[in-house]
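As structure tokens, the structure follows; a few thoughts come after it.
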Amino acid sequence: MSGTLNKVMLIGHTGDEVKMHYFEGGNCIGRFPLATNDSYLNKSTGERVTSTEWHNIVVRNKAAEICEKYLSKGDKVYIEGRLKTRRWQDDQGNDRYSTEIQCTDFTFLTPKAESTGQGQANASTPNAQQGVPNQQGAEASAPIASDAEDDDLPF
């Protein structure tokens, strides 16, 4: 196989609200931290050890606006995307690096009743796919129909 693959799939909890940055021309970008946990049983002590890994998630344009509106701190979400490492120089001229997940698809997993925010953009099942455009502008997946007519869903 001569091709390469850069794909990340995460299920975790948001560590903060989505921070939005708007640009000239109407484009925008949203950033938020995502926590994933790993736990194992320490054989020598018999106690459960849990470690948390933090990931920097980046979403763009309409997907960023949807995340800003419906994601709250602590919500569970599935993120699919690719790794991207940025390099810049700090004030002292040192090279600095940051690795981010460029989100191409996501699914809200926290049911509306359990959400700590204003509301969630998921259907009646907690793992319903959201109809969010991916970076190529194609529909990532169709939303699952629900009986909730009073929702103010953007799609």
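Remarks
- Scanning residues 5 or more positions from residue 104 or on other chains, those with amide H under 5 Å from its amide H are 80, 81, 82, with H placed 1.01 Å from N in the peptide plane.
- Other-chain or far-sequence residues with amide H under 5 Å of residue 75's (modelled H): 14
- Given charges at Cβ of Lys, Arg, Asp, Glu: the stretch 8-114 dipole, positive-most of 14, 94, 40: 40
- Sequentially through the stretch 46-55, phi angles give Karplus couplings (6.51, -1.76, 1.60; θ = phi - 60°) of x, 9, 7, 10, 10, 10, 10, 10, 9, 10 Hz, Gly and Pro residues having no value and appearing as x.
- Estimated FRET transfer efficiency when R0 is 22 angstrom, pair residue 68-residue 37 (beta carbons, to 0.05): 0.35
- Under the criterion of Cα pairs below 8 Å and six or more residues apart, the relative contact order for the stretch 8-114 equals 29 percent.
- Cut-off 12 Å, label 7 Å out along Cα→Cβ of residue 11, residues of the stretch 69-93 by amide N: 76-79
- Segment residue 78-residue 98, extension gain: residue separation times 0.36 nm, minus the distance between their alpha carbons: 5.1 nm
- Environment charge at residue 30 (Cβ cut-off 13 Å; Lys +1, Arg +1, Asp -1, Glu -1): 0
- Among 60-69, 17-26, 32-41, the order from most to least packed when residues are scored by Cβ within 10 Å on average: 60-69, 32-41, 17-26
- Around residue 73: net Lys/Arg minus Asp/Glu count, Cβ-Cβ under 10 Å: -3
- Cα gyration tensor, the stretch 8-114 - rounded (a/c under 1.5), prolate or oblate: oblate
No value in this document is a laboratory result; all are computed from the given coordinates. Since the model is a prediction, treat every value here as computed from it, not as a measurement. Counting neighbours? That spans all protein chains shown, and the Cβs are built from the backbone with ideal geometry, glycine included.
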